Amino acid sequence: MAKLLVINTGGTISMQKDATGSLSASAGDELPTLIEQLNVALDHHIDCVGLVTPSGTPMATSDSSSINEQHWIAIAHMINQAPSYDGYLVLHGTDTMAYTASALAFSCANLNKPIILTGAQVPLSSPGGDGVQNIRVSLEAFASGSTLPNIPMIAFGGVLLRGCRARKSSTHSALGFDSPNAPLIAELFPKLRWVSPTLPAVDGVANCDLTNSFSNRVMQLSLHPGLDAEMLKAMILNSSIEGLIVRVFGTGTAPDALDLGNLLSECREQTNGRFECAVIVTDVYNGSLELSRYAAGKTLQADDIIDGKDMTPEAATTKLMWALAQPRRDKLREIMRANLVGELTP
Ligand code: ASP
(Lines give C-alpha, C1' and ligand atoms only; values in the text may rest on other atoms or scores of the structure.)
Protein backbone atom coordinates (compact mmCIF):
# COMPACT_ATOMS: atom_id res chain seq x y z
CA MET A 1 0.00 0.00 0.00
CA ALA A 2 1.30 3.43 -0.97
CA LYS A 3 0.10 7.01 -0.68
CA LEU A 4 -0.39 8.23 -4.26
CA LEU A 5 -1.22 11.54 -5.90
CA VAL A 6 -3.02 11.23 -9.24
CA ILE A 7 -2.84 14.34 -11.44
CA ASN A 8 -5.18 14.42 -14.44
CA THR A 9 -3.91 16.62 -17.30
CA GLY A 10 -6.36 15.29 -19.92
CA GLY A 11 -5.78 13.28 -23.09
CA THR A 12 -7.90 10.65 -24.80
CA ILE A 13 -8.24 8.58 -21.63
CA SER A 14 -10.83 11.00 -20.22
CA MET A 15 -12.09 12.51 -23.51
CA GLN A 16 -15.72 12.61 -24.65
CA LYS A 17 -17.15 13.17 -28.13
CA ASP A 18 -18.23 16.77 -28.72
CA ALA A 19 -21.22 17.90 -30.80
CA THR A 20 -19.24 17.47 -34.03
CA GLY A 21 -18.22 13.91 -33.14
CA SER A 22 -14.56 14.80 -32.42
CA LEU A 23 -12.92 13.69 -29.19
CA SER A 24 -12.46 16.61 -26.89
CA ALA A 25 -10.97 17.04 -23.39
CA SER A 26 -13.33 16.63 -20.44
CA ALA A 27 -12.89 17.17 -16.73
CA GLY A 28 -12.59 13.41 -16.18
CA ASP A 29 -15.21 13.35 -13.41
CA GLU A 30 -15.46 9.57 -13.69
CA LEU A 31 -11.78 9.04 -12.87
CA PRO A 32 -11.80 9.10 -9.04
CA THR A 33 -14.52 6.42 -8.87
CA LEU A 34 -12.87 4.25 -11.51
CA ILE A 35 -9.48 4.55 -9.82
CA GLU A 36 -10.97 3.61 -6.45
CA GLN A 37 -12.59 0.53 -8.06
CA LEU A 38 -9.22 -0.51 -9.54
CA ASN A 39 -7.62 0.13 -6.16
CA VAL A 40 -9.87 -2.15 -4.09
CA ALA A 41 -7.42 -5.04 -3.85
CA LEU A 42 -4.35 -2.81 -3.66
CA ASP A 43 -5.59 -0.53 -0.91
CA HIS A 44 -3.43 2.47 -1.81
CA HIS A 45 -4.37 5.81 -0.30
CA ILE A 46 -5.16 7.84 -3.45
CA ASP A 47 -5.88 11.54 -3.93
CA CYS A 48 -7.07 12.54 -7.42
CA VAL A 49 -6.57 16.15 -8.46
CA GLY A 50 -6.53 18.39 -11.53
CA LEU A 51 -3.59 20.47 -12.61
CA VAL A 52 -3.00 23.86 -10.95
CA THR A 53 -0.35 26.49 -11.66
CA PRO A 54 2.25 27.28 -8.99
CA SER A 55 0.12 30.30 -8.03
CA GLY A 56 -2.92 28.05 -7.51
CA THR A 57 -4.93 28.73 -10.68
CA PRO A 58 -6.61 25.60 -12.07
CA MET A 59 -5.46 24.56 -15.55
CA ALA A 60 -8.07 22.96 -17.79
CA THR A 61 -7.55 19.42 -19.01
CA SER A 62 -6.48 19.38 -22.64
CA ASP A 63 -5.50 17.37 -25.64
CA SER A 64 -1.79 16.85 -25.06
CA SER A 65 -1.01 18.75 -28.26
CA SER A 66 -1.64 21.87 -26.14
CA ILE A 67 0.65 20.85 -23.28
CA ASN A 68 3.56 23.27 -23.03
CA GLU A 69 6.32 24.30 -20.65
CA GLN A 70 3.77 25.94 -18.30
CA HIS A 71 2.10 22.56 -17.80
CA TRP A 72 5.49 20.90 -17.09
CA ILE A 73 6.27 23.59 -14.53
CA ALA A 74 2.84 23.09 -12.94
CA ILE A 75 3.15 19.29 -12.77
CA ALA A 76 6.67 19.44 -11.34
CA HIS A 77 5.63 22.11 -8.84
CA MET A 78 2.62 20.08 -7.65
CA ILE A 79 4.80 16.99 -7.25
CA ASN A 80 7.65 18.78 -5.50
CA GLN A 81 5.18 20.52 -3.16
CA ALA A 82 3.57 17.24 -2.13
CA PRO A 83 6.42 15.29 -0.52
CA SER A 84 4.16 13.23 1.72
CA TYR A 85 3.21 11.01 -1.24
CA ASP A 86 5.13 7.83 -2.06
CA GLY A 87 4.46 8.15 -5.77
CA TYR A 88 2.73 10.20 -8.46
CA LEU A 89 0.52 9.05 -11.33
CA VAL A 90 0.09 11.57 -14.16
CA LEU A 91 -2.76 10.95 -16.62
CA HIS A 92 -1.78 12.50 -19.93
CA GLY A 93 -2.53 12.41 -23.65
CA THR A 94 -0.26 10.12 -25.60
CA ASP A 95 0.80 12.55 -28.34
CA THR A 96 3.23 14.51 -26.16
CA MET A 97 3.53 12.18 -23.19
CA ALA A 98 7.18 11.42 -24.01
CA TYR A 99 7.97 15.16 -23.90
CA THR A 100 6.35 15.58 -20.49
CA ALA A 101 8.06 12.47 -19.14
CA SER A 102 11.43 13.83 -20.29
CA ALA A 103 10.72 17.32 -18.96
CA LEU A 104 9.91 15.84 -15.54
CA ALA A 105 13.09 13.75 -15.63
CA PHE A 106 15.06 17.02 -15.57
CA SER A 107 12.86 19.18 -13.36
CA CYS A 108 12.20 16.44 -10.79
CA ALA A 109 15.72 14.98 -10.90
CA ASN A 110 16.19 15.41 -7.14
CA LEU A 111 12.79 14.06 -6.15
CA ASN A 112 13.75 10.45 -5.54
CA LYS A 113 10.20 9.15 -5.88
CA PRO A 114 8.54 7.19 -8.70
CA ILE A 115 6.41 9.15 -11.17
CA ILE A 116 4.35 7.14 -13.68
CA LEU A 117 2.67 8.72 -16.70
CA THR A 118 -0.09 6.86 -18.46
CA GLY A 119 -3.03 7.46 -20.77
CA ALA A 120 -4.93 5.60 -23.46
CA GLN A 121 -5.41 5.30 -27.19
CA VAL A 122 -9.20 5.21 -26.77
CA PRO A 123 -11.40 6.87 -24.13
CA LEU A 124 -12.41 5.10 -20.95
CA SER A 125 -15.99 5.49 -22.10
CA SER A 126 -15.34 3.20 -25.12
CA PRO A 127 -15.97 -0.45 -24.27
CA GLY A 128 -12.78 -2.51 -24.18
CA GLY A 129 -10.53 0.55 -24.20
CA ASP A 130 -6.92 0.35 -23.03
CA GLY A 131 -7.20 3.03 -20.32
CA VAL A 132 -8.50 0.76 -17.57
CA GLN A 133 -5.62 -1.68 -17.96
CA ASN A 134 -3.06 1.14 -18.17
CA ILE A 135 -4.29 2.65 -14.89
CA ARG A 136 -4.59 -0.75 -13.22
CA VAL A 137 -1.05 -1.87 -14.05
CA SER A 138 0.29 1.54 -13.02
CA LEU A 139 -1.35 1.19 -9.61
CA GLU A 140 0.06 -2.35 -9.36
CA ALA A 141 3.54 -1.05 -10.21
CA PHE A 142 3.31 1.35 -7.25
CA ALA A 143 2.58 -1.68 -5.06
CA SER A 144 5.81 -3.39 -6.14
CA GLY A 145 7.94 -1.83 -3.44
CA SER A 146 11.47 -0.56 -3.56
CA THR A 147 12.42 -2.15 -6.91
CA LEU A 148 10.36 0.50 -8.69
CA PRO A 149 12.89 3.12 -9.82
CA ASN A 150 12.59 6.63 -8.39
CA ILE A 151 12.35 8.32 -11.78
CA PRO A 152 9.62 9.45 -14.21
CA MET A 153 8.39 6.47 -16.24
CA ILE A 154 5.72 5.69 -18.80
CA ALA A 155 3.44 2.70 -18.17
CA PHE A 156 1.60 1.82 -21.35
CA GLY A 157 0.44 -1.30 -23.16
CA GLY A 158 1.75 -3.56 -20.41
CA VAL A 159 5.32 -2.24 -20.29
CA LEU A 160 7.14 0.19 -18.03
CA LEU A 161 9.65 2.49 -19.76
CA ARG A 162 12.16 5.12 -18.66
CA GLY A 163 10.40 8.40 -19.28
CA CYS A 164 13.39 10.17 -20.81
CA ARG A 165 13.99 7.31 -23.29
CA ALA A 166 10.38 6.68 -24.31
CA ARG A 167 8.75 7.49 -27.65
CA LYS A 168 5.23 7.13 -28.95
CA SER A 169 5.44 4.31 -31.48
CA SER A 170 1.88 3.87 -32.71
CA THR A 171 -1.10 6.13 -33.29
CA HIS A 172 -3.52 3.29 -32.58
CA SER A 173 -1.98 0.15 -31.09
CA ALA A 174 -2.48 -0.57 -27.39
CA LEU A 175 1.32 -1.04 -27.37
CA GLY A 176 1.67 2.67 -28.01
CA PHE A 177 5.15 3.37 -26.61
CA ASP A 178 8.64 2.01 -26.85
CA SER A 179 12.12 2.98 -25.66
CA PRO A 180 14.11 2.14 -28.79
CA ASN A 181 17.54 2.92 -27.31
CA ALA A 182 17.08 1.66 -23.77
CA PRO A 183 15.82 -1.57 -22.21
CA LEU A 184 12.36 -1.90 -20.71
CA ILE A 185 12.22 -1.39 -16.98
CA ALA A 186 9.57 -4.07 -16.61
CA GLU A 187 6.74 -5.94 -18.23
CA LEU A 188 3.61 -5.16 -16.26
CA PHE A 189 1.17 -7.46 -18.04
CA PRO A 190 0.11 -10.25 -17.78
CA LYS A 191 2.23 -10.14 -14.64
CA LEU A 192 5.07 -8.01 -13.33
CA ARG A 193 8.48 -9.07 -14.62
CA TRP A 194 11.46 -6.80 -13.95
CA VAL A 195 13.73 -6.49 -16.98
CA SER A 196 16.08 -3.61 -16.23
CA PRO A 197 14.99 -1.75 -13.12
CA THR A 198 18.43 -0.41 -12.22
CA LEU A 199 19.36 2.94 -13.70
CA PRO A 200 22.84 2.90 -15.27
CA ALA A 201 25.29 5.38 -13.71
CA VAL A 202 24.43 8.98 -14.53
CA ASP A 203 26.35 12.25 -14.23
CA GLY A 204 23.49 13.68 -12.12
CA VAL A 205 22.34 17.25 -11.84
CA ALA A 206 24.64 18.34 -9.01
CA ASN A 207 26.50 20.55 -11.43
CA CYS A 208 23.34 22.42 -12.41
CA ASP A 209 21.53 25.03 -10.37
CA LEU A 210 18.35 23.02 -10.54
CA THR A 211 15.30 25.15 -11.32
CA ASN A 212 11.84 24.13 -12.36
CA SER A 213 11.74 26.27 -15.48
CA PHE A 214 11.91 25.82 -19.22
CA SER A 215 12.69 28.22 -22.05
CA ASN A 216 10.48 28.15 -25.11
CA ARG A 217 13.17 29.74 -27.29
CA VAL A 218 13.89 26.33 -28.78
CA MET A 219 12.90 24.97 -32.14
CA GLN A 220 13.10 21.44 -33.55
CA LEU A 221 13.93 20.96 -37.20
CA SER A 222 14.13 17.81 -39.32
CA LEU A 223 16.62 17.93 -42.16
CA HIS A 224 15.24 16.98 -45.56
CA PRO A 225 16.68 16.91 -49.05
CA GLY A 226 16.67 20.38 -50.57
CA LEU A 227 16.56 22.31 -47.27
CA ASP A 228 17.66 25.83 -48.17
CA ALA A 229 20.55 27.27 -46.11
CA GLU A 230 19.46 30.90 -46.52
CA MET A 231 15.94 30.06 -45.39
CA LEU A 232 17.28 28.33 -42.28
CA LYS A 233 19.63 31.22 -41.52
CA ALA A 234 16.85 33.78 -41.93
CA MET A 235 14.65 31.76 -39.59
CA ILE A 236 17.29 31.86 -36.84
CA LEU A 237 18.34 35.48 -37.37
CA ASN A 238 14.82 36.91 -37.60
CA SER A 239 13.45 35.25 -34.49
CA SER A 240 14.21 34.83 -30.80
CA ILE A 241 15.50 31.25 -31.18
CA GLU A 242 18.28 30.48 -28.68
CA GLY A 243 18.72 26.80 -29.36
CA LEU A 244 17.93 24.41 -32.14
CA ILE A 245 17.35 20.67 -32.10
CA VAL A 246 18.28 19.34 -35.52
CA ARG A 247 17.14 15.87 -36.50
CA VAL A 248 19.89 14.86 -38.92
CA PHE A 249 20.01 11.87 -41.24
CA GLY A 250 21.11 8.38 -40.14
CA THR A 251 24.26 8.20 -38.03
CA GLY A 252 24.76 11.94 -38.44
CA THR A 253 24.93 13.26 -41.99
CA ALA A 254 23.71 16.50 -43.52
CA PRO A 255 23.82 18.04 -47.01
CA ASP A 256 27.29 19.50 -47.75
CA ALA A 257 25.57 22.54 -49.28
CA LEU A 258 23.96 23.39 -45.96
CA ASP A 259 27.40 23.66 -44.28
CA LEU A 260 25.54 23.53 -41.00
CA GLY A 261 28.49 24.09 -38.62
CA ASN A 262 29.52 27.33 -40.31
CA LEU A 263 25.93 28.44 -40.83
CA LEU A 264 25.24 28.12 -37.10
CA SER A 265 28.50 29.88 -36.11
CA GLU A 266 27.53 32.80 -38.34
CA CYS A 267 24.12 32.88 -36.67
CA ARG A 268 25.76 32.91 -33.25
CA GLU A 269 28.04 35.78 -34.24
CA GLN A 270 25.37 37.81 -35.99
CA THR A 271 22.99 37.52 -33.02
CA ASN A 272 25.76 38.37 -30.50
CA GLY A 273 25.32 34.99 -28.87
CA ARG A 274 21.51 35.18 -28.54
CA PHE A 275 21.49 32.04 -30.67
CA GLU A 276 23.58 29.65 -28.54
CA CYS A 277 23.91 26.31 -30.29
CA ALA A 278 22.26 23.35 -31.96
CA VAL A 279 21.94 19.86 -30.55
CA ILE A 280 21.79 17.14 -33.17
CA VAL A 281 20.01 13.81 -32.87
CA THR A 282 19.24 11.17 -35.43
CA ASP A 283 15.92 11.36 -37.26
CA VAL A 284 15.87 7.55 -37.29
CA TYR A 285 13.61 5.86 -34.74
CA ASN A 286 16.27 3.55 -33.38
CA GLY A 287 20.02 4.12 -33.07
CA SER A 288 22.69 6.66 -32.27
CA LEU A 289 24.80 9.28 -33.99
CA GLU A 290 28.31 8.29 -35.04
CA LEU A 291 29.59 11.48 -36.59
CA SER A 292 32.93 10.25 -37.91
CA ARG A 293 31.43 7.33 -39.83
CA TYR A 294 30.70 9.25 -43.04
CA ALA A 295 32.51 12.16 -44.66
CA ALA A 296 29.04 13.66 -44.99
CA GLY A 297 29.02 14.06 -41.21
CA LYS A 298 32.06 16.37 -41.17
CA THR A 299 30.07 19.62 -41.35
CA LEU A 300 28.35 18.53 -38.14
CA GLN A 301 31.59 18.31 -36.15
CA ALA A 302 31.60 21.97 -35.24
CA ASP A 303 31.89 24.22 -32.19
CA ASP A 304 28.26 25.26 -32.14
CA ILE A 305 26.87 21.76 -32.65
CA ILE A 306 26.46 19.38 -29.74
CA ASP A 307 26.39 15.65 -30.42
CA GLY A 308 23.12 14.39 -28.91
CA LYS A 309 24.30 10.76 -29.26
CA ASP A 310 21.23 8.53 -28.87
CA MET A 311 18.92 10.99 -27.15
CA THR A 312 15.37 10.95 -28.42
CA PRO A 313 14.20 14.18 -30.04
CA GLU A 314 11.79 14.50 -27.10
CA ALA A 315 14.58 14.22 -24.50
CA ALA A 316 16.94 16.50 -26.43
CA THR A 317 14.26 19.17 -26.86
CA THR A 318 13.13 19.22 -23.23
CA LYS A 319 16.73 19.06 -22.01
CA LEU A 320 17.69 22.08 -24.11
CA MET A 321 14.54 23.95 -23.02
CA TRP A 322 15.46 23.19 -19.40
CA ALA A 323 19.18 23.95 -19.79
CA LEU A 324 18.48 27.31 -21.46
CA ALA A 325 16.36 28.30 -18.46
CA GLN A 326 19.10 27.52 -15.92
CA PRO A 327 20.85 30.54 -14.39
CA ARG A 328 24.36 29.44 -15.45
CA ARG A 329 24.33 29.98 -19.23
CA ASP A 330 28.10 29.35 -19.30
CA LYS A 331 27.40 25.73 -18.32
CA LEU A 332 24.90 25.08 -21.10
CA ARG A 333 27.18 23.02 -23.34
CA GLU A 334 28.54 20.99 -20.44
CA ILE A 335 24.97 20.28 -19.30
CA MET A 336 23.86 19.29 -22.80
CA ARG A 337 26.81 16.89 -23.23
CA ALA A 338 26.37 15.22 -19.83
CA ASN A 339 24.21 12.19 -19.15
CA LEU A 340 22.24 13.97 -16.42
CA VAL A 341 19.44 11.54 -15.69
CA GLY A 342 19.94 8.60 -18.06
CA GLU A 343 18.69 10.40 -21.17
CA LEU A 344 21.59 9.16 -23.30
CA THR A 345 24.02 6.26 -23.56
CA PRO A 346 27.46 7.78 -22.89
N1 ASP B 1 -4.65 13.54 -29.07
C2 ASP B 1 -4.61 12.77 -27.85
C3 ASP B 1 -3.71 13.47 -26.86
O4 ASP B 1 -2.52 13.38 -26.96
C5 ASP B 1 -4.10 11.39 -28.12
C6 ASP B 1 -4.15 10.47 -26.92
O7 ASP B 1 -4.26 10.84 -25.78
O8 ASP B 1 -4.01 9.25 -27.18
O9 ASP B 1 -4.20 14.15 -25.99
Quiz item: Which residue, chosen from Ala325, Ser66, Leu184, occupies the Cα position most advanced towards the positive end of the dipole of the chain, where the dipole is computed from +1 (Lys, Arg) and -1 (Asp, Glu) charges on Cβ about the Cα centre?
Solution: Leu184
Quiz item: Using modelled amide H (1.01 Å from N, peptide plane; none on Pro or chain starts), what sits under 5 Å from the amide H of Gln220, excluding residues fewer than 5 places away?
Solution: Ile245
Practice problem: For the chain, find the longest principal axis of its Cα atoms and tell me its angle to the long axis of helix 260-270, 0 to 90°, nearest 10. | Solution: 80 degrees
Quiz prompt | Using θ = phi - 60° and Karplus 6.51 cos²θ - 1.76 cosθ + 1.60, couplings along the stretch 22-32 (whole Hz; Gly, Pro as x) | solution = 7, 6, 9, 4, 10, 5, x, 4, 7, 5, x
Practice problem: Report the antiparallel proportion of the DSSP beta bridges in the stretch 85-224 as a percent, rounded to a multiple of 5. | Solution: 60 percent
Quiz item: What ranking, highest mean first, results for peptides 336-346, 79-89 when packing means the other Cβ atoms within 10 Å averaged over each residue?
Solution: 336-346, 79-89
Self-check item: Mean accessible surface per residue for the stretch 1-106, computed with a 1.4 Å probe while every protein chain stays in place, in Å²
Solution: 41 Å²
Practice problem: Please list, in chain and number order, the residues 5+ apart from Lys3 or on another chain whose amide H is under 5 Å from its amide H, with Hs placed from the backbone. | Solution: His45, Asp86, Gly87
Quiz item: Calculated FRET efficiency, Ala19 and Asn112, Cβ-Cβ r, R0 41 Å, to nearest 0.05?
Solution: 0.35
Quiz prompt | Label-point separation, Arg293 to Val202 (7 Å along Cα→Cβ), nm | solution = 2.7 nm
Quiz item: Given charges of +1 on the Cβ of Lys and Arg and -1 on the Cβ of Asp and Glu, with all other atoms neutral, how large is the dipole of the chain about its Cα centre, in debye to the nearest 20?
Solution: 440 debye
Self-check item: Mean Cβ count within 10 Å, highest first, over the residues of peptides 114-120, 206-212
Solution: 114-120, 206-212
Quiz item: Tell me, in nm to one decimal, what length is gained between Asp256 and Ser125 on full extension, where the rule is 0.36 nm per residue of separation less the Cα-Cα distance?
Solution: 41.9 nm
Exercise. May I ask you to order 5-15, 179-189 by the average number of other C-beta atoms within 10 Å around their residues, highest value first?
Key: 5-15, 179-189
Practice problem: List nothing, just return the count: lysine pairs in the chain, 8 or more apart or interchain, with Cα separation under 23 Å. | Solution: 12
Quiz item: In the chain, what percentage of the DSSP-assigned beta bridges are antiparallel, given to the nearest 5?
Solution: 30 percent
Exercise. Please list the radius of gyration and Dmax for the stretch 196-346, considering alpha-carbon atoms only, with Å as the unit.
Key: 15.0, 47
Quiz item: Does the stretch 221-278 come out rounded, prolate or oblate by the C-alpha gyration tensor, with a ≥ b ≥ c the root eigenvalues, rounded set by a/c under 1.5 and, if not, prolate when a/b is larger than b/c and oblate if not?
Solution: prolate
Exercise. Just the number, please: carbon plus sulfur as a percent of the accessible area of the stretch 1-89, 1.4 Å probe, no ligands or DNA/RNA counted.
Key: 53 percent
Quiz item: With axes computed from alpha carbons, what is the tilt in degrees of helix 131-142 against the longest principal axis of the chain, rounded to the nearest 10 within 0 to 90?
Solution: 90 degrees
Quiz prompt | 5 angstrom amide H check on Val90, placed H, neighbours 5+ away | solution = Ile7, Ile116, Leu117, Thr118
Quiz item: Over the chain, one equal point on each Cα, no solvent: what is log10 I(q)/I(0) by the Debye formula at q = 0.07, 0.08, 0.10, 0.13 Å⁻¹?
Solution: -0.30, -0.39, -0.60, -0.98
Exercise. With everything on Cα atoms, drop me the angle between helix 313-323 and the longest principal axis of the chain, reported from 0 to 90° to the nearest 10.
Key: 80 degrees
Exercise. Subtracting the Cα-Cα distance from 0.36 nm times the residue separation, let me have the gained length for Asp29 to Glu334 in nm, one decimal.
Key: 105.3 nm
Quiz prompt | For the stretch 171-188, 3J(HN,Hα) per residue [Karplus equation, 6.51 cos²θ - 1.76 cosθ + 1.60, θ = phi - 60°, Hz, x = Gly/Pro] | solution = 7, 9, 5, 5, 8, x, 9, 8, 10, x, 10, 8, x, 4, 7, 7, 8, 9
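Would you mind telling me the antiparallel percentage of the DSSP bridges in the stretch 209-346, rounded to 5?
5 percent
The values are calculated or read from the model by the stated rules, or taken from the named source; none is laboratory data. Fair warning: this is a prediction, and the values are worked out from it, not measured in the lab. Cβ sites come from the backbone with ideal geometry, for glycine too, and all protein chains shown count toward neighbours. Remember, those area values only see protein heavy atoms, side chains included, never the ligands or the DNA or RNA. Shrake-Rupley method; radii C 1.70, N 1.55, O 1.52, S 1.80 Å.
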